[in-house]
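Have a look at the structure below before the remarks.
The values are calculated or read from the model by the stated rules, or taken from the named source; none is laboratory data. Bear in mind that the values here come from a model prediction, so they are computed numbers and not experimental data. Neighbour counts are summed over all protein chains in view; Cβ atoms, including those assigned to glycine, are modelled from backbone coordinates with ideal geometry. Calculation scope for accessible area: heavy atoms of the full protein, side chains included, ligands and nucleic acids excluded. Shrake-Rupley method; radii C 1.70, N 1.55, O 1.52, S 1.80 Å.
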Amino acid sequence: DSASSADLSDHLKKLFSEEQLYRIDHYLGKEMVQNLISLRFGNMIFGPTWNRDSIASVTITFKEPFGTQGRGGYFDEFGIIRDVMQNHLLQILCLAAMEKPVTTSPDDIRNEKVKVLKAIPSLSLSSCVLGQYCGDPDSDHPDARLGYLEDPTVPEGSSCPTFAAAVLKINNERWDGVPFMLKCGKALDERKAEVRIQYKDVPGDIFNGGTVRNELVIRVQPDESVYVKVMTKTPGMSFNLQETELDLTYKSRYKDARLPEAYERLILDVFVGSQMHFVRSD
């Protein structure tokens, strides 16, 4: 918990300097999470619209299609919030919401991430939804027929959440009024981790309500990709609108590229002394 984490951090400070400590969050080693900085600050097309004037909401999602699979006793000690939300999803939020760092040096990037965290008010229970998965007796998969409480390693009557959704607000000039929604859970309908930026409605609609909101989606896993949902004219003689995608799927575009595992990247960063993708004590 927060208190024991602070105790550990204080103990480590007596033994090592901050430059010698590498706190691993393996999501910071994933290709598309690292790509957030490049997409945001390396392209003029995104910068001018990356704010409260153009963006309606930001949703960061983590889904797993399986339950605890016999590890419920271990999972029950901390639950989905500590397992996924307060580390992986919050780090992604920081990269999506932070201001442009002065340089790409580790401390400049981490300084901006800390500013985002300081601008987020404490979360209230009214802004959260918690849940626990039940078994599906009609499923063909034996694991899916078992609910969380039916895992023999889970304590009887446990109220440990296996699903959590929370709405965070960032009280600064860029994001005031824009909800950042974090969602994560086990035993859901698919395996997916993504960032979904939904833009506002086009002002002065001339298409009689035929448009839908643009979305920029950064798919972290599986099938790493970046795609933008846009409106185009239907091909042919008609002048109707349809939604389509500008799609950059890595396995199609970079067929021969090898994407290293997250831990592989981060362990190499430790060897070369780069702290860019590591968590600082604050």
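Looking at this structure, is residue 194 assigned to a strand (DSSP E or B), under 15 Å from the mean Cα position of the chain (by Cα) and acidic (Asp, Glu)?
It is true that residue 194 is assigned to a strand (DSSP E or B), under 15 Å from the mean Cα position of the chain (by Cα) and acidic (Asp, Glu).
Taking the condition of being open to solvent by less than 100 Å² (accessible area, probe 1.4 Å) and more than 25 Å from the chain's Cα centre (by Cα), how many residues in region 244-257 meet it?
0
Is it the case that some residue within region 15-34 is more than 18 Å from residue 113 (Cβ to Cβ), outside any helix (DSSP H, G or I) and open to solvent by 60 Å² or more (accessible area, probe 1.4 Å)?
Kept after step one, since they are more than 18 Å from residue 113 (Cβ to Cβ), are these residues of region 15-34: 15-17, 20, 31.
Restricting the remaining residues to those that are outside any helix (DSSP H, G or I) gives 16-17.
Remaining after also requiring open to solvent by 60 Å² or more (accessible area, probe 1.4 Å): 16.
Within region 15-34, one or more residues are more than 18 Å from residue 113 (Cβ to Cβ), outside any helix (DSSP H, G or I) and open to solvent by 60 Å² or more (accessible area, probe 1.4 Å).
Scan region 75-110 for residues that are out of contact with any Lys or Arg (no Cβ under 6 Å at 6 or more places or on another chain), part of a helix (DSSP H, G or I) and under 23 Å from residue 52 (Cβ atoms) and jot them down. Reasoning before the result, please.
Step one: list which residues in region 75-110 are out of contact with any Lys or Arg (no Cβ under 6 Å at 6 or more places or on another chain), which gives 75-93, 95-97, 99-109.
Now narrow it down to the ones that are part of a helix (DSSP H, G or I): 75, 79-93, 95-97, 106-109.
Those that are out of contact with any Lys or Arg (no Cβ under 6 Å at 6 or more places or on another chain), part of a helix (DSSP H, G or I) and under 23 Å from residue 52 (Cβ atoms): 89, 90, 91, 92, 93, 95, 96, 97, 109.
If you go through region 239-282, how many residues are touching a residue at least 40 places away in the same chain (Cβ under 8 Å) and either touching a strand residue (DSSP E or B) at 6+ places or on another chain (Cβ under 7 Å) or among the small types (Gly, Ala, Ser) (or both)?
6
Do any residues in region 66-81 that are touching a residue at least 24 places away in the same chain (Cβ under 8 Å) have Cβ atoms under 7 Å from those of residues that are open to solvent by 70 Å² or more (accessible area, probe 1.4 Å) and of a type outside the set (A, V, I, L, M), where the two are at least six apart or on different chains, and which pairs are they?
Matching pairs, first to second residue: 66/143; 67/143; 69/143.
Can you name the residue in region 140-170 that is of a type in the set (A, V, I, L, M, F, W, C) and assigned to a helix (DSSP H, G or I) and is also farthest from residue 118 (Cα to Cα) among such residues?
144
Taking the stated definitions as given, is residue 140 out of contact with any Asp or Glu (no Cβ under 9 Å at 6 or more places or on another chain), farther than 24 Å from residue 89 by Cβ, without any contact (Cβ under 8 Å) to a residue 12 or more places away in the chain and of a type in the set (Asp, Glu)?
yes
Taking region 133-164 as the region of interest, how many residues are open to solvent by 20 Å² or more (accessible area, probe 1.4 Å) and within 24 Å of the chain's Cα centre (by Cα)?
3
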